[in-house]
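Written out below as structure tokens is the structure these notes cover.
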Amino acid sequence: MANRAGPKFDLIVVGSGLAGTAAACFAVTRGLKTAQVSITAGELLFASGLLDLLGIYPPQEQVLWDDPWKGIAALAAGSPRHPYARLGVNVIREAMREFLAFMDSADLVYCGLPDRNVILPTAAGTLKTTYRVPSSMWRGVIALEKRLPTLLVDFTGMKDFSTRLMAEMLRPRWPALKAQRVPFPLGFPGVDLQNTLLAEALESAQVRANLADVIRPHLAGIQLVGLPAVLGLRSTAQIVADLEGRLGVGIFEIPTLPPSVPGFRFREAVETALLKRGAQLFQYRQAIGVQAAGRRCTGITIGPESWEDVLEAEGIILATGRFLGGGLAAGRDGIVETVFGLPVAQPNARNLWHRKHFLDHRGHPASEAGLAVDDRFRPLGKDGGFAFENLFAAGSVLAYQDWVRTKCGAGLAIATAYGAVEAFLRYRSRG
């Protein structure tokens, strides 16, 4: 089918994970005519809603950092090819400050402490080090830190969430912790108690009143109640306040396994904010071709093949993620970048991708595979120079970082998105 000419933009962002979303936020804030292209609903539905900045470095020694900024400084000194090292602490600070301000304007309030990581209890009974948490989870941080008498509640029939397991794991550190399973006050015939169904049901005041009735008999001596992160899809602050009023105790959410309701809230709120600021979202559309003149991208072709459009732009940011997001794909001939066919920095042979032991303290070399970039976040071509003068990359598709082991996924996404947008503005200002 012949390509149809589409609209022209200042900037096209390819990808709808946190990096792509952050890049779109930074772009519209700067008044850029912005398009965001995504083949799926995005990786955000797998996200806990927490914003990690840096928790561990060096990962092979499992050094935990209470002050993430000091940790980033140590990382930049010890791992000069890491994307953080290209930005520096001051730029990363500004990126996080601006992103949190955008979230606040979208009614997504985050809580934290100045220059300090916080620790949050998880559904697995482990302790999660992170930088900022949604306001609905903040009381959980305080409850753990102060060892407050707390009741953890789960629901009969809910899979992959057990407050009994959570309490048993955490009780040595948090003695005043109790667990209680209660029936959810609304049935869902024929299906499991899925997170999104529970969240939708709790938008009803009557369901919340009934839930409060089944929790109330278990509150003797309790100051706080922890519930799975299903307290509404769109009205979480109001739902938390309503339950606190009905029960007379503080309420907090506990991150769950996917699908993530906080991730759904994040995506919905940010998409609404982007649309209000003039961004165009091309959802369920795949980037299937590149329009270029020499080493300058003029646009991309988006599919499916039966419905192709050409989007033109002055610049493009590639934020497609790694394997989960589809930005990288692994085959017998190596790891490839799936949109532009860019070279991927990776081990020289497949047998070097992974170490012999799954839990090797050094990690696996394939986990640092990705796009090598110059100081302007432009992916490198086969000759070692930039592949395209106006193509930039952000997020986990970048090489020389293992965000899982260093607990810096959100920070990496946000900071490099900021760096890529700023690099595009410098490129455009120079003509």
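Computed values, structure above
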{"read-out": "Relative intensity, log₁₀ I(q)/I(0), of the stretch 364-431 from a Debye sum that treats every alpha carbon as a point, q = 0.16, 0.27 Å⁻¹", "value": "-0.55, -1.17"}
{"read-out": "Relative contact order [Cα under 8 Å, 6+ residues apart], the stretch 57-190, whole percent", "value": "17 percent"}
{"read-out": "Helix axis angle, 68-78 relative to the chain longest principal axis, alpha carbon, degrees", "value": "40 degrees"}
{"read-out": "0 to 90° range, to nearest 10: angle between helix 89-105 axis and the chain longest Cα axis", "value": "60 degrees"}
{"read-out": "Alpha carbon convex hull of the stretch 308-358, projected area averaged over orientations, nm²", "value": "5.2 nm²"}
{"read-out": "Once the Cα gyration tensor of the stretch 176-243 is diagonalised, semi-axes √(5λ) in Å", "value": "20, 15, 11"}
{"read-out": "The stretch 2-149 - Rg and Dmax from Cα coordinates, angstrom", "value": "18.0, 66"}
{"read-out": "Cα centroid separation - the stretch 17-69 against the stretch 131-164, whole Å", "value": "24 Å"}
{"read-out": "For the stretch 262-359, convex hull volume per residue from C-alpha positions, Å³", "value": "162 Å³"}
{"read-out": "Proximal charge balance of residue 170 [Cβ under 15 Å; K/R count +1, D/E count -1]", "value": "+4"}
{"read-out": "For the stretch 376-413 and the stretch 311-364, distance of Cα centres in Å", "value": "11 Å"}
{"read-out": "For the chain, built as a Gaussian network whose Cα springs stay under 10 Å, the top-fluctuating residue of 369, 349, 273", "value": "349"}
{"read-out": "Accessible surface of the stretch 44-199 [probe 1.4 Å, protein heavy atoms]: carbon and sulfur percent", "value": "54 percent"}
{"read-out": "Once the Cα gyration tensor of the stretch 233-308 is diagonalised, semi-axes √(5λ) in Å", "value": "42, 14, 11"}
{"read-out": "For the stretch 300-409, with +1 on Lys and Arg beta carbons and -1 on Asp and Glu, the positive-most of 377, 391, 349 along the dipole", "value": "349"}
{"read-out": "Average Cα contact separation per residue, the chain, under 8 Å, 6 or more apart, as relative contact order %", "value": "24 percent"}
{"read-out": "Lys/Arg +1, Asp/Glu -1 at C-beta; the stretch 1-114 dipole; positive extreme among 57, 103, 19", "value": "19"}
{"read-out": "Relative contact order (%) - the stretch 249-405, alpha-carbon pairs under 8 angstrom, separation at least six", "value": "18 percent"}
{"read-out": "GNM top mover of 130, 416, 338 - the chain, alpha-carbon springs below 10 Å", "value": "338"}
{"read-out": "Globularity ratio of the chain, using Cα Rg and 2.2 N^0.38 Å", "value": "1.03"}
{"read-out": "Charge tally in the Cβ shell below 15 Å around residue 115, where Lys, Arg are +1 and Asp, Glu are -1, residue 115 excluded", "value": "+2"}
{"read-out": "Per residue solvent-accessible surface (Å²) - the chain, probe of 1.4 Å", "value": "43 Å²"}
{"read-out": "Radius 15 Å from Cβ of residue 21, net charge of other residues (Lys, Arg +1; Asp, Glu -1)", "value": "0"}
{"read-out": "Accessible surface of the stretch 367-431 [probe 1.4 Å, protein heavy atoms]: carbon and sulfur percent", "value": "49 percent"}
{"read-out": "Equivalent ellipsoid semi-axes, the stretch 68-168, via Cα gyration tensor eigenvalues times 5, rooted, Å", "value": "32, 17, 13"}
{"read-out": "Degrees, to the nearest 10: 236-247 long Cα axis against longest axis of the chain", "value": "10 degrees"}
{"read-out": "Cα-based convex hull volume of the stretch 114-271 per residue, rounded to whole Å³", "value": "112 Å³"}
{"read-out": "Choice from 396, 162, 204 with maximal GNM fluctuation in the chain (Cα, 10 Å cutoff)", "value": "204"}
{"read-out": "Cα-only radius of gyration and Dmax that characterise the stretch 299-405, units Å", "value": "15.1, 48"}
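The values are calculated or read from the model by the stated rules, or taken from the named source; none is laboratory data. Model, not experiment: these values are computed from the prediction. Cβ: placed from backbone, ideal geometry, glycine included. Neighbour counts: every protein chain shown. Heavy atoms of the whole protein, side chains included, go into the accessibility calculation; ligands, DNA and RNA do not. Shrake-Rupley method; radii C 1.70, N 1.55, O 1.52, S 1.80 Å.
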